[in-house]
Amino acid sequence: MQDKTIAIHAGYDKDVQATMAVPIYQSTAYEFRDAEHAANLFALKELGNIYTRLMNPTTDVFEKRFAALEGGEAAIATASGMAAIFNTIANVAEAGDNIICANQVYGGTSTLTAHTIKRFGIEARYFDVHDPKQLETLIDEKSKLILFESITNPSIDVADFDHIVAIAEKYGVLTAVDNTVATPILCKPLELGCDLSIHSTSKYTTGQGLAIGGIVVERKALVDKIKGNARYAHFNEPDASYHGLIYTDIPLPIFSLRMRLALLRDLGATPSPFNSWLFIQGLEHLPLRMRQHSENGMAIAEFLESHPKVLKVHYPGLKSDSNYLDAKKYLPNGCSGLLSFEVASFEEAAKIVDHTELFSLVVNIGDSKSIITHPASTTHQQLSKEELEAAGVSNGLIRLSVGLEDSADLIEDLKRSLEA
Ligand code: PLP
């Protein structure tokens, strides 16, 4: 099936009421038939609903549909994109381990990796998405994950998938790609050889800025990489917190299984059924929206490139962009609606964001409504000068999330603000 069909139908066999729309199962818990049924569910002898912190029928449709769009085997929805990233790290690493993260990542991912996980005893090492050779010098026997973004936010780089995946395979390290900006419509990391694809579904998935959520999608046959791999002993040895279960012995997608059984159980970063339902609505038209976001993004990038006050435009669809060839290779269906541009100073940037009318000054991306952000004063304010440089964030950098309005109106708004 093609994406436009998957986005509308996958994961939902009409329930007993034969509703065309997926129902919202707004329930905390589920009744067991009898004691044996309850015991079987807890022992995984039978699969079924226990408690909404672990699973929910509405969320289940969302997870199945998203996994199908990514070409993955299974998915786990979480309460936010950051919860998806943290749970992914927590599913592979413990105190004494390290993960290797791209320099060019969302500000929250930078602070999570540089500061928060450090307090759990997990070290983060950093590499440049344009220079994956660096991975060879960073990986050791304690490295548990390579984490990067397919289209980076806010520096708008495109990851060099082939080289990153080749090195990860050589050392048997898992790769996780934050595919939020590209979405599964524009980029399919699992088909490019990555192991996990992560999203903040707060962005293009809802598409209208309606709810916070996240999801982690596991590739098919990931067990083959984990089984017998000394890096991932906890998947291969009895789990004392789950009556000695050995994940690699279970014929189910084991990364997701462990995230559900151990991490949703203990950390509880579960989405509400209502939010899952909103994400299902968003997925139905995601393929159409991503085409329009990409067309609008290209039109705005071309306009900005021609404006004398703009020093540089970062949009991988532009021939002048250093990511252009990687974009052709990895993003054949468009480059999404995120772009950034640089003006001369912090003050100049502040003046522009103060003058736009259609572009709202908001720290979000992936909305149908266009958004303008000044990362140095907002999302990246907590980063040091060195961290800002590594993330490609200058004082005069402005990020745009180009929405679905008419691009001629958006260009007029930017022109007026640049010349105010
Ligand atoms: N990943 C990327 C690329 C993001 O842009 C964001 C938020 O902006 C996140 C993750 C975090 O997602 P959430 O806000 O849903 O926690």
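The values are calculated or read from the model by the stated rules, or taken from the named source; none is laboratory data. Being a predicted model, the structure only gives us computed values, none of them experimental. Neighbour counts are summed over all protein chains in view; Cβ atoms, including those assigned to glycine, are modelled from backbone coordinates with ideal geometry. Accessible surface is based on the protein model in full, side chains and every heavy atom, while ligands, DNA and RNA are left aside. Shrake-Rupley method; radii C 1.70, N 1.55, O 1.52, S 1.80 Å.
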Return the FRET efficiency for the residue pair Ala240, Ala420: r is the Cβ-Cβ distance, R0 is 60 Å, and the value is rounded to the nearest 0.05.
0.40
Which pairs, out of Lys133/Lys385; Lys64/Lys203; Lys170/Lys385; Lys319/Lys415, put more than 30 Å between their alpha-carbon atoms?
Lys170/Lys385
What spacing in nm lies between the two simple spin-label points modelled at Glu389 and Ala221, each 7 Å away from Cα in the Cβ direction?
4.5 nm
Against the longest alpha carbon principal axis of the chain, how many degrees, from 0 to 90 and to the nearest 10, is the axis of helix 161-171 turned?
40 degrees
Debye, to nearest 20: dipole size of region 28-113, +1 on Lys, Arg Cβ, -1 on Asp, Glu Cβ:
200 debye
Under a 1.4 Å probe, what is the accessible area of the chain per residue, stated in Å²?
41 Å²
Region 70-164 shape via C-alpha gyration tensor axes, a/c threshold 1.5:
rounded
Return the FRET efficiency for the residue pair Glu94, Val363: r is the Cβ-Cβ distance, R0 is 22 Å, and the value is rounded to the nearest 0.05.
0.10
Sulfur and carbon atoms: percent of accessible area, region 1-115 [1.4 Å]
55 percent
Angle in degrees between helix 407-418 and the longest Cα principal axis of the chain, rounded to the nearest 10
60 degrees
Of region 112-136, those with amide N under 20 Å from the point 7 Å along the Cα→Cβ vector of Ala166 are 127-136
Between Lys4 and Thr111, the two model label points (7 Å from Cα along the beta-carbon direction) sit apart by a distance in nm of 4.2 nm
Considering only protein heavy atoms and a probe of 1.4 Å, how much of the accessible area of region 283-366 is carbon and sulfur, as a whole percent?
53 percent
With angles folded into 0 to 90 degrees, how steeply does helix 286-305 sit against the dominant principal axis of the chain? Use alpha carbons for both and round to 10.
30 degrees
What list of whole percents do you get for P(r) of the chain, with Cα-Cα distances grouped in 10 Å bins up to the one holding the largest distance?
5, 22, 32, 25, 12, 4, 1, 0
Work out from phi, with θ = phi - 60° and the Karplus expression 6.51 cos²θ - 1.76 cosθ + 1.60, the ³J(HN,Hα) of each residue of region 360-369, listed in order in whole Hz, and give x for Gly and Pro.
8, 7, 8, 9, 7, 9, x, 9, 5, 8
Once you order the gyration tensor axes a ≥ b ≥ c over the Cα atoms, which shape class does region 227-287 get: rounded for a/c under 1.5, otherwise prolate or oblate by comparing a/b with b/c?
prolate
Ordering Asp157, Asp128, Asp195 by how much accessible area each has at a 1.4 Å probe, largest first, what is the list?
Asp128, Asp157, Asp195
Backbone HN-Hα couplings from phi across region 117-133 [Karplus 6.51/-1.76/1.60, Hz, Gly and Pro as x]
5, 4, 5, 9, x, 9, 8, 10, 10, 10, 9, 8, 4, 8, 9, x, 3
Point-to-point label distance, Ser320-Phe274, nm (Cα→Cβ direction, 7 Å offset)
4.7 nm
What order do you get for 40-47, 261-268 when each peptide is scored by the mean count of other beta carbon atoms within 10 Å, highest first?
261-268, 40-47
Size of electric dipole in the chain: Cβ of Lys, Arg +1 and of Asp, Glu -1, about Cα centre, debye, nearest 20
420 debye
Per residue of region 41-56, in order, report the coupling 6.51 cos²θ - 1.76 cosθ + 1.60 (Karplus, θ = phi - 60°) as ³J(HN,Hα) in whole Hz, putting x for Gly and Pro.
5, 5, 8, 6, 6, 9, 9, x, 7, 10, 7, 5, 5, 9, 6, 7
Carbon and sulfur atoms account, in whole percent of the 1.4 Å probe accessible area of region 166-232, for 55 percent
